[in-house]
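Everything below concerns the one structure shown next.
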Amino acid sequence: MASGGQHGLAQSLFQVGGNAGLSLGPLMAAFIVMPRGQTSIAWFSVVALAGMLILTKVSGWAVRNRSSAKKSGAVHHEQRPNLSTRRVVLSIGVLMALLFSKFVYLASLTSYYTFYLMNKFQVSVRSAQVHLFVFLGAVALGTIVGGPVGDRIGRKRVIWCSILGVLPFTLVLPYANLFWTEILSVVIGLILASAFSVIVVYAQELVPGRVGMISGLCFGFAFGMAGLGAAVLGELADLTSINFVYTVCSFLPAVGLLAAFLPNLEPSGLQTSQTMEA
């Protein structure tokens, strides 16, 4: 509603707030929670309360704008893509598979990266938390880049490059030393995070007029897979080793090959522009 048509940029801005907060978590754990104890976590609820108050204002703004748009007859009806129901369902299934690979791999890093660094390179807890902060910062940066790039060059291209393009780096990561592990984690975070906002907007364009339903499906599935993935990977690490977990997860981005089955949804003008540039 507030994007002015730049849906990818708006989705990226929305998500980068959460990712930026998530990236600060390891620093807060290292420099506040560890020295002061777990009771210090309660103070962070003040930030959540501030977010609730801000969202209250935003929801009021959204209701007023929706009401005024309906009264003026300016409600925007998005054009439905010329695709069969079967093709739309298949495309949504492909997007869910891509989200599965992305979020299970991210779960392996956000949940177990510190243990991996301490186990393989014998770094301290605080040092491992700082390394995790650097990775999550790269995720936040990649999130803000993906949406605008998708608006500019087409969402399918970004999805294809983001999920499959990260594969060479994930395959190398389990065999890298500490220096290259940090470099590779930043590259992986940048590339992989650029896909999510694009996938959400692409799915919304597949099923126009169902923004809430599609957003709920994408976010619910993504976070659900991240939680289940973390649990399964933890069990696998207990049965084998944390190094084995990262070796197995390094192949997950190969699921990006499924992006070849996604239809092109860009307007003809954008496709023509891309063809001329090529």
Any hit, the stretch 255-266, residues being closer than 21 Å to T85 by Cβ, surrounded by fewer than 18 Cβ atoms within 10 Å (Cβ to Cβ) and polar (S, T, N, Q): yes
Residues located in the stretch 93-114, provided they are under 19 Å from V166 (Cα atoms), open to solvent by 20 Å² or more (accessible area, probe 1.4 Å) and small (G, A, S): A97
Considering residues of the stretch 173-209 that are outside any helix (DSSP H, G or I) and open to solvent by 40 Å² or more (accessible area, probe 1.4 Å) only, the residue nearest to S101 (Cα to Cα): N177
Any hit, the stretch 2-15, residues being part of a helix (DSSP H, G or I), over 20 Å from A203 (Cβ atoms) and open to solvent by 50 Å² or more (accessible area, probe 1.4 Å): no
The stretch 1-35: number of residues that are under 19 Å from the mean Cα position of the chain (by Cα) and among the aliphatic types (A, V, I, L, M): 7
Residues of the stretch 16-43 that turn out to be of a type in the set (G, A, S), open to solvent by 30 Å² or more (accessible area, probe 1.4 Å) and free of Cβ contacts under 8 Å to residues at least 60 places away in the same chain, as a count: 4
Residues (within 16 Å of G142 (Cβ to Cβ) and either in contact with a strand residue (DSSP E or B) (Cβ under 8 Å, 6 or more places away or on another chain) or among the polar types (S, T, N, Q) (or both)) located in the stretch 187-242: S194, S197
Boolean, S124 is open to solvent by 10 Å² or more (accessible area, probe 1.4 Å) and more than 19 Å from the chain's Cα centre (by Cα): yes
Tally, over the stretch 210-233, of residues that are farther than 14 Å from Y105 by Cβ, open to solvent by less than 50 Å² (accessible area, probe 1.4 Å) and in contact with a helix residue (DSSP H, G or I) (Cβ under 7 Å, 6 or more places away or on another chain): 3
Test: L90 is open to solvent by 30 Å² or more (accessible area, probe 1.4 Å), at pLDDT 90 or above and within 25 Å of the chain's Cα centre (by Cα): yes
Which listed residue is in a helix (DSSP H, G or I), at pLDDT below 90 and under 25 Å from P26 (Cα atoms), from G137, G147: G137
Pairs with Cβ under 6 Å, 6+ apart, first in the stretch 211-240 and under 18 Å from A193 (Cβ atoms) and small (G, A, S), second open to solvent by less than 40 Å² (accessible area, probe 1.4 Å) and in a helix (DSSP H, G or I): A222/L99; A222/F103; A226/F103; A226/A107; G229/V104; G229/A107; A230/A107
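The values are calculated or read from the model by the stated rules, or taken from the named source; none is laboratory data. All values reported here derive from a predicted model rather than from experimental measurement. Note that each Cβ is placed from the backbone with ideal geometry, even for glycine, and that neighbours are counted across all protein chains shown. Quick note on the areas: whole protein, heavy atoms, side chains included, nothing else; ligands and nucleic acids left out. Shrake-Rupley method; radii C 1.70, N 1.55, O 1.52, S 1.80 Å.
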